[in-house]
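Enquirer: What follows is a single structure, and I will ask about it in a moment.
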Amino acid sequence: MRGRDTTNPSDTPEHKVEVRRSQRRHRTVTAYWDEDTLVVLIPARMTRAEEKHWVAEMQRKLLRKGPRQAAPPKASDEALLARCAVLSAKYLDGKAIPASVRWVPPMRTRWASCTPVDATIRVSDRLRRVPAWVLDYVLVHELAHLKEPGHNAAFWELVRRYPKTERAIGYLEGLSSAAGWGIAAED
């Protein structure tokens, strides 16, 4: 269950703040820009005082980096999680929310994996070197598993909402073949 609160703090009138509470989120707080709105993801159990503290803290951090500039998803696990939130909102109606997303050492047979039961996603370090649109495809693919665990028609319908799906699959197949990794692009 997610709740949304939208506020417009008086000290920063140029943008809105949207707070999203999640039952799946237990400890982490993440924030990112969605155009002129600062989106802050927090655990559902947080008090209003804790929420106020974390909104101010995340606002301070992101404004220090420069307004409306999200960290590149290749920078950290937190940046990956924030990118997933953006992609879920854009392509999956905001209904695929992972509890965690993290970089892992290179996988032998996959680009990434998802465990729908605990809503965790792991992304192979090999993808740190691919173009952002290819990484976005992989993230959308794994996010779709949070809604459809298998690779059935409903799953692929969700994945193909990402407009560069076919192109990204071709890129990953070429990369795997050229490197001799034997990794299938469609899983």
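Enquirer: Do any of 90/147; 74/147; 16/61; 90/164; 95/147 go past 19 Å between their Cα atoms, and which?
Expert: Among 90/147; 74/147; 16/61; 90/164; 95/147, the Cα-Cα distance tops 19 Å for 74/147.
Enquirer: Let me ask you something else. Between residue 156 and residue 44, what is the FRET efficiency for a Förster distance of 41 Å, r being their Cβ-Cβ separation, to the nearest 0.05?
Expert: Approximately 0.85, to the nearest 0.05.
Enquirer: Oh, and also: Give me the extension gain from residue 176 to residue 16: residue separation times 0.36 nm, minus the current Cα-Cα distance, reported in nm with one decimal.
Expert: Extending this stretch completely gives an extra 53.3 nm.
Enquirer: Got a sec? Charge dipole of region 143-187, +1 on Cβ for Lys and Arg, -1 for Asp and Glu; which of 181, 149, 165 is way out at the positive end?
Expert: The Cα lying farthest towards the positive end belongs to 165.
Values quoted throughout were computed directly from the atomic coordinates according to the rules given, and no laboratory measurement underlies them. All values derive from a computational prediction rather than experimental measurement. Note that we place each Cβ from the backbone using ideal geometry, even for glycine, and neighbour counts take in every protein chain shown.
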